[in-house]
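Report on the structure given below.
The values are calculated or read from the model by the stated rules, or taken from the named source; none is laboratory data. The structure presented is a predicted model; accordingly, all values stated were derived computationally and were not measured. Positions of Cβ are generated from backbone atoms using ideal geometry, with glycine treated the same way; all protein chains shown enter the neighbour counts. Side chains are part of the model used for accessible areas, which takes the heavy atoms of the whole protein and leaves out ligands, DNA and RNA. Shrake-Rupley method; radii C 1.70, N 1.55, O 1.52, S 1.80 Å.
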Amino acid sequence: MQKLVISGEKKISGEISVQGAKNSALPLLAGCVLARGETVLHNCPRLSDVFASTRILTHLGFRCRREGDSVIISSDTISRSDIPEELMREMRSSIVFLGAIIGRCGKCCLSFPGGCELGPRPIDMHISALKQMGVSICEEYGVLCCEAQKGIHGAKITLSFPSVGATENIMMAAVLAKGETVIRNAAREPEICDLAEFLNACGGRVYGAGTSTITISGVNELRGCEHRVMSDRIVCATYLGAAAITGGEVNVRGARPEDIEAILSVFEEMGCCVYPYRDSIYMSCHKPLRSVKTIRTMPYPGFPTDAQSIMLAVLSKAKGTSVMVENIFESRYRQVGELVRMGCMIKTEGKVAIIEGVKKLYGARVVATDLRGGAALVLAGLSAQGETVISNIKLIDRGYESIENALSSIGADIRRVTEGF
Ligand code: EPZ
């Protein structure tokens with residue numbers, strides 16, 4: 001089994017390029033289902049979730065190949081419209097294929113996506129929106145069978161919560177539908193804008209992405225295009241967190257400051273010096289970190305839930321008491337127990353986590369419980385005295401392209417080993 005071994009107390013220092021965004025690449029790969037001909041996605045990260053998505057595309061009859069940082073997907077016909085359980089179970093976010101397959105074929109059968117480490121991942125908003133667009137949905141024995149007997153038609157949809165996945169599924173179901181679809185209370189994340197840009201480059205008519213009202217006018221056909229995946233704003237935040245927790249400095253190339261303003265303001269409140277440029281962010285953290293009174297995770301442009309675990313680790317080294325309120329997922333503090341084993345002083349009560357800053361963290365053998373929690377353990381290990389061994393790192397590989405090579409390039413002592421069976 002592979003593990004990460006970190007020898008801590010090394011200051012992060014240097015320059016690093018940030019990978020393409022997992023949470024953009026996945027919906028973009030699903031979006032390829034809608035387009036005839038060849039699509040090229042540049043800056044597509046090498047991640048297990050991306051590989052799982054290309055396996056789904058292959059299952060559907062598409063040809064996929066990687067050439068360096070680009071993934072090329074081509075097909076003129078889609079040979080089937082179902083996703084089998086084993087492929088659905090590999091990656092919870094496979095649900096984002098639902099809208100694209102229905103949009104292209106008018107029907108889709110897939111097994112209900114399981115929950116994940118963050119708790120149950122309901123899809124009620126996805127289902128209710130598709131029903132408003134003329135899709136009949138029946139669920140039997142964990143399989144969701146959807147069909148639009150009379151074709152998909154536009155609808156006016158108001159989301160009860162600005163769900164990222166539901167917004168993406170509606171956009172992809174609507175882009176080839178008859179008539180106009182309006183999504184109110186749509187998610188405003190940068191990944192939504194990236195998807196809209198891709199769909200429009202394929203010939204779609206999507207307006208208002210990035211605002212809470214998105215309008216999609218259905219067209220007859222989409223053709224493949226070339227598109228560059230946006231940079232990963234959470235991986236960028238992770239590299240900045242590595243500099244903060246070790247009292248170092250880092251220049252993150254390819255980063256878009258406007259995507260993580262809420263995170264940058266927290267680093268500044270902690271006493272880090274942040275220098276945002278057009279497509280890079282330099283941050284130096286040579287002063288002792290200060291605690292932050294309260295951080296609330298919110299839909300974009302608020303503080304992103306995906307940066308919550310990372311910030312718990314960094315705040316553990318800040319002088320004073322900080323408070324985190326997790327408003328998006330119901331169980332996103334599962335990593336706290338392992339962080340406490342490393343000397344963090346974090347207490348959770350429902351949505352709230354109280355973080356007491358400590359002078360020192362200590363290396364330990366710990367287990368990643370989810371993707372971003374695993375990244376938090378890495379950051380804690382970078383700062384800790386002694387050696388940290390992290391197992392279950394396949395969860396980290398879902399979202400970070402070779403995290404050990406990336407962090408080693410900016411001064412960390414971290415390596416991947418294979419231990420035991
Ligand atoms: C996306 O998940 C991201 N995943 C998540 O990143 C991210 O944390 C999340 O958006 C919020 O920003 C991808 O993009 C692949 P949601 P998604 O629908 O679309 C509830 C990571 O670490 N909800 O905005 O699933 C839901 O349970 C991952 O990279 C319903 O109740 O998130 C959650 O509490 C983790 N019913 C909240 O809304 C629904 O029909 C936000 O979910 C849909 C969602």
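Structural remarks
- Axis angle, to the nearest 10 degrees, between helix 22-31 and the longest C-alpha principal axis of the chain: 10 degrees.
- Centroid-to-centroid separation of the stretch 1-66 and the stretch 67-129 [C-alpha atoms, Å]: 16
- The stretch 22-217, Rg to Rh (Cα coordinates; Rh as Kirkwood inverse mean 1/r): 0.93
- Rg of the Cα atoms in the stretch 23-71, relative to 2.2 N^0.38 Å, amounts to 1.01.
- Of the trypsin sites (Lys or Arg not before Pro) in the stretch 101-209, the ones in a loop by DSSP (not H, G, I, E or B) with at most 16 other beta carbons within 10 Å are K150, R205.
- Computed with a 1.4 Å probe over protein heavy atoms only, the accessible surface of the chain comes to 39 Å² per residue.
- Once the Cβ-Cβ distance of M298 and E180 is raised to the sixth power relative to R0 = 30 Å, the FRET efficiency obtained is 0.55.
- Taking the accessible area of the chain, probe 1.4 Å, and keeping the other protein chains in place, the carbon and sulfur fraction comes to 51%.
- Relative contact order (%) - criterion: Cα under 8 Å, at least six apart; region: the chain: 21
- Cα long-axis angle, helix 233-246 against the chain (0 to 90 degrees, to the nearest 10): 0
- Mean projected area of the Cα convex hull of the stretch 43-148, taken over all directions, amounts to 7.2 nm².
- The length gained on full extension between Q2 and R278, counted as 0.36 nm times the residue separation minus their Cα-Cα distance, comes to 95.6 nm.
- Rg and Dmax of the stretch 284-328, both derived from C-alpha coordinates alone, stand at 11.0, 32 Å.
- Rounded Å value of the spacing that divides the Cα centres of the stretch 167-211 and the stretch 331-369: 38
- Two-decimal log10 I(q)/I(0) for the stretch 349-421, as the Debye equation yields it once each C-alpha is a single scatterer, q = 0.14, 0.24 Å⁻¹: -0.49, -1.23
- Modelled FRET efficiency - R0 56 Å, R89 with Q385, Cβ distances, 0.05 increments: 0.90
- Sites listed here are trypsin sites (Lys or Arg not before Pro) in the stretch 281-374 whose DSSP assignment is loop and whose Cβ has at most 13 other Cβ atoms within 10 Å: K293, K359, K360.
- Neighbours of P84 by Cβ distance under 12 Å: Lys/Arg scored +1, Asp/Glu scored -1, total -1.
- Estimated translational D of the chain in µm²/s (Stokes, Kirkwood radius over Cα pairs; 20 °C; 1.002 mPa s): 98
- Over the C-alpha atoms of the stretch 141-295, the Rg to Rh ratio, Rh being the Kirkwood estimate, stands at 1.11.
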